[in-house]
Amino acid sequence: MAQLQYKAVIGLEIHVHLCTETKMFCSCALEYGLEANSRVCPVCLGMPGVLPVMNKHAFEYAMLTALALNCEISRFTKWDRKSYYYPDLPKNYQISQYDLPMSRNGFIEIALEGGLTKKIRIIRVHLEEDAGKNLHSAKGFSQVDLNRAGAPLLEIVTEPDMNSPEEVRALAVELQRIVRHLGVSEADMQKGHMRFEPNINLVIDKDGKDCKTPIVEVKNLNSFRALERSVAYEIARQLDEFAETGLVMEIGNKTTRGWDDANEITVLQREKEEAHDYRYFPDPDLVPVEVSDQWLEQIRSRLCELPIKKQMRYVSDYGLSDYDAGVLTAERAMADFFEEVVKDGGEPKRVCNLLTQTGLKLANEKGCSVAELGIKPKDMAELAKMVEDGQVSATASTTIFEKIVETAKSPIQIAEEFNLVQKSDAGELGKIVEQVLKDNPQAVDDVKSGGKKSKKARGFLLGQVMQKTGGRANPKVVSEILAKKLT
Amino acid sequence: MKNIINEKQVRAVAKLSRLDLTDAEVEVFSRQLSSILEYVEKLNKLDTANVEPLAHCLPVSNVFREDKIKESLGVEKTLANAPQRDGEFFKVPKILDDSSGA
Amino acid sequence: MSDELLNLSCKELRDAIAAGRVKSVAATETVFEQIEKYEPSVGAYISTFKEQALTQARQVDDKITKGRPIGALAGVPVAIKDNMCITFGATTCASKILENFHAPYNAAVVERLLAADAVIVGKTNLDEFAMGSSTENSGLKKTVNPWDLSRVPGGSSGGSAAAVAARMCFAALGSDTGGSIRQPASFCGTVGLKPTYGRVSRFGLVAYGSSLDQIGPVTRTVADTALILNVIAGHDQKDSTSISEQIAPVCDYLEKLDEPPKGLKIGIVPQLNEGAEQDVRKAIGEALEVYRNLGVEIAEITMPHFDYSIAAYYLIATAEASSNLARYDGVHYGYRTPRPNDYIEVYSKSRAEGFGGEVKRRIMLGTYVLSSGYYDAYYLKALKVRNLIRGDFTKAFESCNCVMMPVSPTTAFKIGEKIDDPLQMYLSDVYTIAANLAGVPAISIPCGFDSKNLPVGLQILTPAFTEEKLLRIARMYEKQNQWHLKKPALIK
């Protein structure tokens, strides 16, 4: 089958769980992984006579996020009821925002290949409450757990500005980075803190005419991998479907498909008998929110430098690679720690290496973040300097790093205690080199002769010096001395 | 009396409202609702082109709550009125589609 | 002795109990004797709590003996409409769907009554989910008017009004969405106040029309209304729509009650009054004469949009109700149908079997007017008309301090008279609905009897958060008559 020319058009609807202490409209704690129905009160249970009261932090987190996404904050915003019946929605309506969302018209910048960036426009960001969970028991009935019902949810809707699975993934990753940096959400996809629903269709060139395939919404994505693969799958599937049926987009033929992670395909969900009529109307139990200049500025002042800007700054100011800068800015705490160390005099590239290699390894082993390892920034700066000056070898620095974490002693103390201080004194080393050269005349000849044996012999002589110094000679210095003496 | 809301529409609304109606009820409601809807048409006599809708009587905005945890009901009290339960869950007949209603 | 006791007002009883002249236990026992005698005929109560009430009464008497501080309603037996949640009994809303529902919390007003040391007698009957004007829509039992057992007590707080009129409690709480306190109060010859929207917390009041509902007292005297309002009024953190103390501070409504406001000017709308029955018009006219003789100026005003209030109300209230009642689905609490074929039938059958006809009608009407394609024409339009109606009040209050009119076009009608024509029933709310739409406070006070010896009520309305003045206006009239001392023949 000849490949049709096409453009993929993808928009994303994202739900982000805010990490406030309590739910959106009641004071139940937001905790995960607990016994079912243990974090429920009359309000989030939707009992007769209860009333919602808005969580101020949740609204402020929403404002912070909207500002970070370059949105306009609405000065007047209100709450609406979105009606539908489902067992995990106790009131059978969700408190959400319809025609006057708390913010609109923003954008998010994603990194493309080759250092380019692309702006993906954001239509709106609004707040709502989450539903509980339905679980399908094997015994032929369903179970309902309302612990999550009422949790504060940020809904972000983008324009269909993405054109490839990679771009979709890049947006998802960047959004995760931003909300984590702001501290408004843990954004752990596995825990369900972030949910993505891509809307995908294709614009296919058929005989010079643009044909649009029907829009498909994909649900049930639990990882970035699933997100990327589902988009890729859908693109291919829609191409095939169009080639077979020629079906184009019409009003009302948008469908929903669920992602089957095991088989890596999307599956059409049961056709709804009627399209949802959500019957939105203003919630009479909640009053509107008016955002004053003062409040807005207060929130704006809490806006930190965004991760992508930080990343670009590390590249331009410190000469780090894009990749390394990305690793350092994946988590806010790591980036903050890095900057503290640099402020204390650590050479940025050296510090970066230490943190991203040994640091991350240790952190993973301990199940915490690098910043939580308990190292003082000035100790890390000192260690970096010691490596930079050749006082310890790079290998030794790994050991020292580990010991700092274990013992909380300073780097120089540990280096001395464990005999890791490198010998770098040219005079001292020179004497040892002289001795080694005298003891190994054959090798000296091999080096001087040039050819294949020369390199091997050079390495042998270096090894001998290292042996004589118990591995503590600075190999760089030794090499230099050898080079001079063997010319 | 005009038949503003016919039986087909009554059935559609009953479905949206999750109310199982008998045929007799559908017929009666169609008549009664039509009569009420006919009455409310008098509102169209008023020119409201330049009038703002009044959803809230009160001149109030920005009512918030501090983000402080208060004790939840606990599993037993939460499920105390449940018509059917399965351990610590509410129990319903199997829900067939995976999607939520949204 | 018991007769004398039951004739005391709440205030008089509370003072007597505080002074040690009467024991709360005695008052409570007397109330329960009265209930035993007349409840079989009147049917005001869905549930009563004799044991608990006596325990509460004993505790109050004990506090007094020990000289400990006591609350404003100490020892007074009161009843609560069965759409306000309590932890110590069921809250049924007179519906099969909540027949066995036990709330794990008390409504805010209930907490306040308990803190004031009131004795809770029981939960009174109502139209199912407060939807109705006669209490005939109750899904659980029938309540009749103590003045004439073949007639309705009014609704939806019919049980509360009947209980107070029959002296089966000293006062009761009701709720008012379109007249549901005022109309039964007038049908049963009692005082009934709908406070300003936001004056009393709605937390724990089972919602019907959330932007219209308010809880208020049903009592025999204006002073008792002031006493209870003192206890229940005030900001509640759990109700986002309850007004803050900064914007509208609560005052002591009893303090200046007997001082008539100076410079009083009453506004009346003659065209409106013409819609009432002759006997009602006569009684209203005579009441206005009393005010005139007290030196009050009476002026004719217009309220050009008043006539549209029923139409606007039945769109707004039913829209909100359709959403508020969506939660009754047999899943988390309440009635569940015994044999659903799938999970959708859990909803549709439970609701069909659990709700009565009027409730279903309003849910469907509300769903319809909110649905796609109809929202602008119906719901949005109604909200705009609501603004116009509020404008009528604002304008009226520029030239007068209060407006007076009948509470209902008729006195208590016969049981079954209007039940078959919903629209006819709705039209009887013509005088009361506007106050809910505009959010202003309104009171019904007894102003006489018709030729059938049925009570007539006078309605007084004032601007938002002026209950203090409203009660003084009511009191100045009450002082001039003895209507509130008359008793139904049944209990003489």
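The values are calculated or read from the model by the stated rules, or taken from the named source; none is laboratory data. Fair warning: this is a prediction, and the values are worked out from it, not measured in the lab. So basically every Cβ, Gly included, is an ideal-geometry build from the backbone, and we count neighbours across all protein chains shown. Side chains are part of the model used for accessible areas, which takes the heavy atoms of the whole protein and leaves out ligands, DNA and RNA. Shrake-Rupley method; radii C 1.70, N 1.55, O 1.52, S 1.80 Å.
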Quiz item: Since C:V78 meets every condition but one in (1) assigned to a loop (DSSP other than H, G, I, E, B); (2) in contact with a helix residue (DSSP H, G or I) (Cβ under 8 Å, 6 or more places away or on another chain); (3) in contact (Cβ under 8 Å) with a residue 60 or more places away in the chain; (4) crowded, with 23+ Cβ neighbours inside 10 Å, which condition does it not meet?
Solution: (1)
Quiz item: Within the stretch C:218-227, is even one residue touching a residue at least 40 places away in the same chain (Cβ under 8 Å) and within 14 Å of chain B (Cβ to nearest Cβ)?
Solution: no
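Hey, among the residues in the stretch C:245-265 that are farther than 19 Å from C:T190 by Cβ and under 23 Å from the mean Cα position of the chain (by Cα), which one's surrounded by the most Cβ atoms within 10 Å (Cβ to Cβ)?
Of the residues in the stretch C:245-265, the ones farther than 19 Å from C:T190 by Cβ are C:245-252, C:255-256, C:258-265.
Remaining after also requiring under 23 Å from the mean Cα position of the chain (by Cα): C:248-252.
Numbers: C:A248: 21, C:P249: 11, C:V250: 18, C:C251: 14, C:D252: 11.
Applying the filter and picking the extreme gives C:A248.
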Quiz item: In the list A:Y84, A:Y93, A:Y61, which residue meets the criterion of being within 7 Å of chain B (Cβ to nearest Cβ) and either in contact with a Ser or Thr (Cβ under 8 Å, 6 or more places away or on another chain) or under 30 Å from B:D86 (Cβ atoms) (or both)?
Solution: A:Y84
Quiz item: In the list A:F76, A:F59, which residue meets the criterion of being touching a strand residue (DSSP E or B) at 6+ places or on another chain (Cβ under 8 Å), under 28 Å from A:G183 (Cβ atoms), surrounded by fewer than 20 Cβ atoms within 10 Å (Cβ to Cβ) and touching a residue at least 12 places away in the same chain (Cβ under 8 Å)?
Solution: A:F76
Exercise. Sort out which residues of the stretch B:18-48 are among the β-branched types (V, I, T) and within 22 Å of the chain's Cα centre (by Cα), and write them in order of number.
Key: B:T22, B:V26, B:V28, B:I36, B:V40
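Yes or no, residue by residue, for (1) farther than 17 Å from C:V200 by Cβ; (2) touching a helix residue (DSSP H, G or I) at 6+ places or on another chain (Cβ under 7 Å):
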position: C:S242; (1), (2): no, no
position: C:Q246; (1), (2): yes, no
position: C:D252; (1), (2): no, yes
position: C:K256; (1), (2): yes, yes
position: C:L264; (1), (2): yes, yes
position: C:Q271; (1), (2): yes, no
position: C:G275; (1), (2): yes, no
position: C:A287; (1), (2): yes, yes
Quiz item: For the stretch A:158-191, which residues satisfy the criterion of being open to solvent by less than 30 Å² (accessible area, probe 1.4 Å) and among the aliphatic types (A, V, I, L, M)?
Solution: A:M162, A:V168, A:A170, A:L171, A:A172, A:L175, A:I178, A:V179, A:L182, A:V184, A:A187, A:M189
Quiz item: Of all the residues that make up the stretch C:329-380, how many are of a type in the set (V, I, T) and under 22 Å from C:A317 (Cα atoms)?
Solution: 4
Quiz item: Only one residue in C:Y314, C:Y343 is of a type in the set (S, T, Y) and surrounded by 23 or more Cβ atoms within 10 Å (Cβ to Cβ). Which one?
Solution: C:Y314
Quiz prompt | Single condition A:I110 does not satisfy, out of (1) over 20 Å from A:E155 (Cα atoms); (2) modelled with pLDDT under 95 | solution = (1)
Exercise. Go through the stretch C:281-309 and give me each residue that's within 14 Å of another protein chain (Cβ to nearest Cβ) and either part of a loop (DSSP other than H, G, I, E, B) or open to solvent by less than 10 Å² (accessible area, probe 1.4 Å) (or both).
Key: C:M303, C:P304, C:H305, C:F306, C:S309
Practice problem: Please name all residue pairs, on different chains or six or more residues apart, with Cβ atoms under 7 Å, provided the first residue is in the stretch C:378-393 and is more than 7 Å from chain B (Cβ to nearest Cβ) and under 9 Å from C:F306 (Cα atoms) and the second residue is surrounded by 20 or more Cβ atoms within 10 Å (Cβ to Cβ) and among the polar types (S, T, N, Q). | Solution: C:I389/C:S309
Quiz item: Looking at C:T87, is it buried (at least 24 other Cβ atoms within 10 Å of the Cβ), within 24 Å of C:E29 (Cα to Cα) and not aliphatic (A, V, I, L, M)?
Solution: no
Practice problem: Residue by residue through the stretch C:49-68, note down the ones that are closer than 15 Å to C:A118 by Cβ and either outside any helix (DSSP H, G or I) or not hydrophobic (A, V, I, L, M, F, W, C) (or both). | Solution: C:F49, C:Q52, C:T55, C:Q56, C:R58, C:Q59, C:D61, C:K63
Self-check item: Number of the condition not met by A:P101 [criteria: (1) over 22 Å from A:L64 (Cβ atoms); (2) over 25 Å from the mean Cα position of the chain (by Cα); (3) not in a strand (DSSP E or B)]
Solution: (1)
Quiz item: Among the residues of the stretch A:1-48 satisfying the criterion of being open to solvent by 60 Å² or more (accessible area, probe 1.4 Å) and aliphatic (A, V, I, L, M), which is nearest to the other protein chains (Cβ to nearest Cβ)?
Solution: A:L34
Quiz item: Could you list, in sequence order, the residues of the stretch C:218-235 that are over 14 Å from C:K11 (Cα atoms) and either open to solvent by less than 20 Å² (accessible area, probe 1.4 Å) or not in a loop (DSSP other than H, G, I, E, B) (or both)?
Solution: C:I232, C:A233, C:G234
Quiz item: Can we say A:S397 is modelled with pLDDT under 85 and among the hydroxyl-bearing types (S, T, Y)?
Solution: no
Self-check item: Condition broken by C:R167, with the remaining ones in (1) surrounded by fewer than 21 Cβ atoms within 10 Å (Cβ to Cβ); (2) among the charged types (D, E, K, R); (3) touching a helix residue (DSSP H, G or I) at 6+ places or on another chain (Cβ under 7 Å) satisfied
Solution: (1)
Quiz item: Does C:G189 satisfy the condition of being part of a strand (DSSP E or B), small (G, A, S) and within 20 Å of C:L458 (Cβ to Cβ)?
Solution: no
Quiz item: If a residue has to be away from chain B (no Cβ under 14 Å) and of a type in the set (K, R) to count, how many in the stretch C:403-457 make the cut?
Solution: 2
Self-check item: Segments classed as helices (runs of 4 or more DSSP H), wholly inside the stretch B:5-102, with at least 3 members that are at the interface with chain C (Cβ under 7 Å from one of its Cβ atoms)
Solution: B:7-16, B:23-40
